[in-house]
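What follows is a single structure, written as structure tokens, with notes after it.
The values are calculated or read from the model by the stated rules, or taken from the named source; none is laboratory data. Only a predicted model underlies this, so the values are computations on that prediction, with no experimental measurement involved. Cβ: placed from backbone, ideal geometry, glycine included. Neighbour counts: every protein chain shown. Surface accessibility is based on the protein's heavy atoms, side chains included, excluding ligands, DNA and RNA. Shrake-Rupley method; radii C 1.70, N 1.55, O 1.52, S 1.80 Å.
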Amino acid sequence: MELSMSANEDLAKERARCDFNVSEITNILDGGIERTKQRKKIESIALSNGKCRDVTPEETLGPKERYENAIRKSCLYTKIVKDQVLTLTGLEVLGSNSSVLRRTADAFFKDISPFLLHLGMFVPTIMGQGTPEQQSYWLPRALDFQIIGTYAQTELGHGTFIRGLETTATYDPDTEEFVIHNPRLTSYKWWAGGLGKTSNYCIVVAQLYTQGKCYGIHPFIVQIRDEDTHVPLPGVRVGEIGPRMGFNTADNGFLGFDHYRIPRNHMLMKNSQVLKDGTYVKVASHSKLTYGTMVFVRVMLVNEVAFNLAKAATIAVRYSAVRRQSEKISGEPEPQILDYVTQQHKLFVCIATAHALQLSSNWLWKTFSAVLADMRGGNTENLPELHALSSCLKALSTSDSAALIEQCRLACGGHGYMLSSNLPLLYSFVTATRTYEGDYTVLLLQTARFLIKAWEQAESGKPVTPTVSYMEEAVVGNKYKWNGSAEGIIKAAYYVAAGKISSSVASIRKRMKNGKAFEDAWELTGVQLVAAAETHCRAVICDVYRKETVRLTANSSPNVKTVMDQLNMLYLSHWALERTGDLLRYTSTTEDDIISCQQRYEELLAAIRPNAVGLVDAFDFPDEILQSTLGAYDGRVYERLMEEALKSPLNAEPVNRSFHQYLKPLMQGKL
């Protein structure tokens, strides 16, 4: 069978009708033209390595073969990172510029690298919680990949509630060692990526005991396998946890210790120390300083899901420009499905949300960096606000992205169900992020605690922090009159948030007045509190997205300004329409206002339609990173689907042996 090699004509026409400079938006999303140049250079280095290509589709391999192939590619990728990427970017590639690593990694891995947590958690934890002496010893070994580490916090019986972790680290002053132990099955570490078969070192989070007293959770560097033979060390029980919905090359593992001893200086001691005699010494606000790594990871996750949502949107929009379906007018050609307003409704908000989350992630990183600088100077007063922000943004961004990636898959019909589309894999990856590093509901309840305290401060006339300053106006009880401008919708969103917070406070107080203890009243109000935190976070995202769009396009060409403004207004209008009940309840919005907003939203869909392909092209994903039969730049959807189908091992022979072994005997009545 001969397959056409020409590019799809419909996709070529879409690009010809785009009325803005695609590269301008690419530069905005990358953080400037120099960042774009750097990213492209690093991508070209990674993509030039032909050894990363899989001859047989990864999905058709067994679990053992998939893991071994992932290790092979991880080692190739690591050599590129070590020899070339780090020399170009320095350690910023592990922080503010980490998206570069993520993009290039996707050229190698359709699923997840077993090394993911080495650079993602092991190294950052040493950087954030190790003393200068510990960093000078461990970081060179880790960055040179002389050792490979992971991060083990979650246990079989405890996840988000880290104060409940059961693994213990008891100090023995006679030998100057910590004794790491798992007293029961539920205390086994569970889920850590790279733990099952790959890592030989691990950051273990355990309850520290010394001189008969528990001082809470602390991080320890623990060797779990021999550096030469890779055999688990005596007293260590470690293995892989088995098949799961996704992450099947991530080597997620379990880990248990039987009175396993480590040197005293393997406790990361930047924020607290145990002296040789067992005396516990801590710096001021140790519990607050240890939040640093956790918040860092949540900031990175917001960026991560924005990146994956952008990939899904690219795949679905390009496919929708190629796919023709139905017959609107008898005798006329079948229209592109992207011409249907219902398809635009499904997909354009995905593009806008990817922008909103990426810009919010960049803003959150700057906020995190500023608070971290304050903390190093001894000022932790802004940490509660940062913790609340990182918690709700992590919760909302992962939830939104998972839902919208699934929306992209559904928008691609049956072909979206193919693993070769990459949409199912993107969904299985992002839906996991909704849970790990903080469950959705738990994180929103943590944000709610901050919001309730802030509301009480505003009520009493005390100053509040910037992201909750809207409460100072709302506590007087005025209802906001609807204004359909961007600023008007954002202000309405804040008023809705204030209304929900006020209602939650009233419910808690009523229950306490009726005899409930505060924590019982809090629990009974949980549904309202989660909704209040979600609404607050949505208002913050809307606000940040608007301000960052205006700031970043200040010097852009008129057409780029226009299309970026249209996307922003689409996002704001979409969420206003999704929350009409809240607007009617908590603001002075009328039915006519809602009708006007709906009309404006539909006008924005039509305005964005000619530029839809250009907007996803601006995400600038090479085909090797996108890894999708439906979303390749040339639009050869059907040819690529057939090419992938022919690679299936089941097509390697005309007749499978099961015919002679089972089918033929069944058909002949001889089974």
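Quick one: give the max-minus-min coordinate of the C-alpha atoms of segment 178-290 along each principal axis, largest first, in Å.
43, 29, 26
Roughly how many whole Å is it from the C-alpha centroid of segment 481-499 to that of segment 4-40?
Spelled out, the Cα-based centre of one part sits 34 Å from the other.
Find the relative contact order for segment 502-589 and round it to a whole percent, using C-alpha pairs within less than 8 Å whose residues are 6+ positions apart.
On the way: 29 pairs, mean separation 15.9, N = 88.
With pairs under 8 Å counted, the relative contact order is 18 percent.
What number comes out for the charge environment of residue 463, summing +1 per Lys or Arg and -1 per Asp or Glu over other residues with Cβ under 15 Å away?
-4
Could you sort 230-242, 586-598 so that the peptide with the highest average Cβ count within 10 Å comes first and the rest follow in order? Before the final figure, lay out the partial values.
On the way: 230-242: 13.9, 586-598: 16.2.
So the peptides 230-242, 586-598, ranked by packing, come out 586-598, 230-242.
Can you tell me which lysines have their Cα less than 20 Å from the Cα of residue 189? Leave out same-chain residues fewer than eight positions away.
Those lysines meeting the cut-off are 197.
Given H placed on each backbone N at 1.01 Å, which residues far from residue 192 in sequence or on other chains put an amide H within less than 5 Å of it?
The answer is 253.
Among 558, 314, 568, whose Cα projects farthest towards the positive end of the dipole of the chain, with charges put on the beta-carbon of Lys, Arg (+1) and Asp, Glu (-1)?
My answer, from the dipole projection, is 568.
Between segment 142-214 and segment 584-626, what is the separation of their alpha carbon centroids in Å?
For segment 142-214 versus segment 584-626, the Cα centre distance is 47 Å.
Using only the alpha carbons of segment 318-442, determine the length spanned along each of the three principal axes and report them from longest to shortest in whole angstroms.
Cα extents, longest axis first: 74, 22, 22 Å.
How far apart, in nm, are the 7 Å Cα→Cβ label points at residue 56 and residue 19?
Once both label points are built, they end up 5.2 nm from each other.
Cα to Cα, under 14 Å, and not fewer than 8 places away if on the same chain: which aspartates and glutamates meet these conditions relative to residue 561?
Within reach: 19, 24, 548.
Using only the alpha-carbon atoms, what does segment 201-245 span along each of its principal axes? Please give whole angstrom values in decreasing order.
Largest first, segment 201-245 extends 37, 33, 15 Å along its Cα principal axes.
Quickly rank 28-40, 263-275, 352-364 as a protection proxy: mean count of other C-beta atoms within 10 Å, highest first.
Per-residue mean Cβ counts within 10 Å order the peptides as 352-364, 263-275, 28-40.
For residue 206, list long-range residues whose amide hydrogen, built 1.01 Å from N in the peptide plane, is under 5 Å from its own amide hydrogen.
The list, which skips near neighbours in sequence, is 218, 220.
With θ set to phi - 60° and the Karplus curve 6.51 cos²θ - 1.76 cosθ + 1.60, what are the ³J(HN,Hα) couplings of segment 599-613 in order, to the nearest whole Hz, using x for Gly and Pro?
4, 4, 4, 5, 5, 5, 4, 5, 5, 7, 3, x, 9, 4, 5
Under a 1.4 Å probe, what is the accessible area of the chain per residue, stated in Å²?
44 Å²
Just to verify a number: FRET efficiency for residue 245 and residue 513, C-beta to C-beta distance, R0 = 30 Å, to 0.05?
0.10
Return a whole-number percent for the relative contact order of segment 544-600, with Cα pairs under 8 Å and 6 or more residues apart as the contact set.
Computed over segment 544-600, the figure is 28 percent.
Want the number for residue 276 to residue 648: 0.36 nm per residue separation, take away the alpha-carbon distance, what's left?
Details: separation 372, 0.36 × 372 = 133.92 nm, distance 6.10 nm.
In short, 127.8 nm is gained.
Just by accessible area at a 1.4 angstrom probe, what is the order of 214, 408 from largest to smallest?
Order by accessible area, largest first: 214, 408.
Within the set of other residues whose C-beta is less than 15 Å from the C-beta of residue 341, count the net charge using Lys and Arg as +1 and Asp and Glu as -1.
+1
Going toward the positive end of the dipole of the chain, with +1 on Lys and Arg Cβ and -1 on Asp and Glu Cβ, which of 279, 357, 661 do you reach last?
Of the options given, the answer is 279.
Give the whole-number value, in cubic angstrom per residue, of the convex hull volume spanned by the C-alpha atoms of segment 356-500.
143 Å³
Suppose R0 equals 56 Å; then what is the FRET efficiency for residue 580 and residue 186 from their Cβ-Cβ distance, rounded to the nearest 0.05? Intermediate results must be reported in sequence, preceding the final value.
On the way: r = 45 Å, r/R0 = 0.81.
After rounding to 0.05, the efficiency reads 0.80.
Packing-wise, with mean Cβ within 10 Å as the measure, how do 183-195, 419-431, 557-569, 655-667 rank, highest first?
Output ranking for 183-195, 419-431, 557-569, 655-667: 419-431, 183-195, 557-569, 655-667.
If you roll a 1.4 angstrom probe over the protein chains with everything in place, what fraction of the accessible area of the chain belongs to carbon and sulfur, to the nearest %?
Numbers: 15780 of 29220 Å².
The value for the chain is 54 percent carbon and sulfur by accessible area.
Roughly how many nanometres apart are two label points built 7 Å out from the Cα toward the Cβ at residue 230 and residue 75?
It is 0.8 nm.
Quick one: net charge around residue 178, please, counting Lys, Arg +1 and Asp, Glu -1 for every other residue with C-beta under 13 Å from its C-beta.
With Lys, Arg at +1 and Asp, Glu at -1, the neighbours total -1.
Determine the relative contact order of the chain: mean sequence separation of Cα pairs under 8 Å and six or more apart, normalised by residue count, in whole percent.
16 percent
Step through the table entries 41/64; 270/366; 366/491; 394/453; 462/510, compare each Cα-Cα distance with 26 Å, and write down the pairs that go over it.
Numbers: 41/64 34 Å; 270/366 23 Å; 366/491 23 Å; 394/453 21 Å; 462/510 23 Å.
Long pairs (Cα-Cα over 26 Å): 41/64.
If the cut-off is a Cα-Cα distance under 13 Å, which aspartates and glutamates reach residue 213, setting aside same-chain residues fewer than 8 apart in sequence?
Once the sequence-local aspartates and glutamates are set aside, what remains near residue 213 is 172.
Of 580, 446, 46, which is farthest along the charge dipole of the chain in the positive direction, counting Lys and Arg as +1 and Asp and Glu as -1 at C-beta?
446
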